[in-house]
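Every read-out reported here was derived from the displayed coordinates using simple, explicitly stated rules and does not represent laboratory data. This structure is a prediction, so every number in the text was calculated from the model and none was measured. All Cβ positions, even for glycine, are placed from backbone atoms using ideal geometry, and neighbour counts span all protein chains on display.
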Amino acid sequence: MAGSPLRSVAEVAAAIDHALLRPGLTVDAVRAGCAVAARYAVASLCCKPADVSLCHSILAGSTVEVGTVVGFPHGSSLGSVKRFETERALDDGATEIDVVLNVGRLRSGEDAWVADELAGVVDACRGRGIVKVILECALLTDAEKVRACGLAVAAGADYVKTSTGYAAHGATLEDVRLLRALAPAPVRVKAAGGISTLDGLLAMLDAGASRVGCSATAALLDELADRHAAR
């Protein structure tokens, strides 16, 4: 960004969760996505639950973690189902779990419901993987975002995440800044949804995100390399 040092390609790649979540992706597209993740040494590949075992086998030996989604995209599954999804994903080789909290229950003031479901996922991951709680900020008021973040932190989440990418909008800089201000230092922030430009990605990192979910990984990192080469 103007007035600040340009982040290195390796630094930005290490903050990317390469997303393979579109419902129409073929197995060949998933394999190609794994190749992209390995080539650019991103932090993780976030795939659909049915693809975890395949991605784990392809990425074995690389530095790329395999992540998946739970209760995705609407967060409406029962807590027991979310826990089962989590346990199965871990058994299949996932080490990162992005779980959608129950937005409707949160908005209804049923914080105990949300706390219980998140606790089950965190407990299932203990010693086996990290948990990123998706708040779906597009559907929440600022007061609800504060409560949602607090519940995720209290449950033991490693990250609070802005969005699924399936609501009216994805990550915003305002939400990233808010979550970064709310969460204690050990808990990190992930921005996701609608991040399709390099400047947008860099702005999310500057705003306080430690991870950024995107699917245009190769194009964005290639653009960053070109910017460095032009200096």
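If you go through the stretch 145-154 one residue at a time, do you hit one that is free of Cβ contacts under 8 Å to residues at least 40 places away in the same chain, within 17 Å of residue 44 (Cβ to Cβ) and either outside any helix (DSSP H, G or I) or among the small types (Gly, Ala, Ser) (or both)?
no
What are the residues in the stretch 209-231 that are surrounded by fewer than 19 Cβ atoms within 10 Å (Cβ to Cβ) and assigned to a helix (DSSP H, G or I), if any?
218, 219, 222, 223, 225, 226, 227, 228, 229, 230
Just a yes or no: is a residue in the stretch 27-48 buried (at least 20 other Cβ atoms within 10 Å of the Cβ), in contact (Cβ under 8 Å) with a residue 24 or more places away in the chain and out of contact with any helix residue (DSSP H, G or I) (no Cβ under 9 Å at 6 or more places or on another chain)?
Yes, the stretch 27-48 contains a residue that is buried (at least 20 other Cβ atoms within 10 Å of the Cβ), in contact (Cβ under 8 Å) with a residue 24 or more places away in the chain and out of contact with any helix residue (DSSP H, G or I) (no Cβ under 9 Å at 6 or more places or on another chain).
Restricting attention to the stretch 166-183, and to residues there that are assigned to a loop (DSSP other than H, G, I, E, B) and surrounded by fewer than 21 Cβ atoms within 10 Å (Cβ to Cβ), which single residue is farthest from the chain's Cα centre (by Cα)?
So in the stretch 166-183, the residues assigned to a loop (DSSP other than H, G, I, E, B) come out as 166-172, 183.
When the remaining residues are screened for being surrounded by fewer than 21 Cβ atoms within 10 Å (Cβ to Cβ), the result is 166-169, 172, 183.
Working: 166: 13, 167: 15, 168: 17, 169: 15, 172: 14, 183: 16 Å.
Only one residue tops the list, namely 168.
Restricting attention to the stretch 23-79, which residues are among the aromatic types (Phe, Trp, Tyr) and either closer than 19 Å to residue 121 by Cβ or within 17 Å of the chain's Cα centre (by Cα) (or both)?
At the first step, the residues of the stretch 23-79 found to be among the aromatic types (Phe, Trp, Tyr) are 40, 72.
If the condition is that a residue be among the aromatic types (Phe, Trp, Tyr) and either closer than 19 Å to residue 121 by Cβ or within 17 Å of the chain's Cα centre (by Cα) (or both), then 72 is the only one that fits.
Output the number of residues of the stretch 188-208 satisfying the condition of being within 13 Å of the chain's Cα centre (by Cα) and assigned to a loop (DSSP other than H, G, I, E, B).
Total meeting the criteria: 3.
Going through the stretch 111-137 one residue at a time, which ones are part of a strand (DSSP E or B) and surrounded by fewer than 22 Cβ atoms within 10 Å (Cβ to Cβ)?
130
Mind listing just one residue for me: the one in the stretch 155-165 that is free of Cβ contacts under 8 Å to residues at least 40 places away in the same chain and part of a loop (DSSP other than H, G, I, E, B) and, of those, surrounded by the fewest Cβ atoms within 10 Å (Cβ to Cβ)?
156
So, in the stretch 61-88, of the ones that are touching a Gly at 6+ places or on another chain (Cβ under 8 Å) and hydrophobic (A, V, I, L, M, F, W, C), which residue ends up surrounded by the most Cβ atoms within 10 Å (Cβ to Cβ)?
Among those that are touching a Gly at 6+ places or on another chain (Cβ under 8 Å) and hydrophobic (A, V, I, L, M, F, W, C), it is 66.
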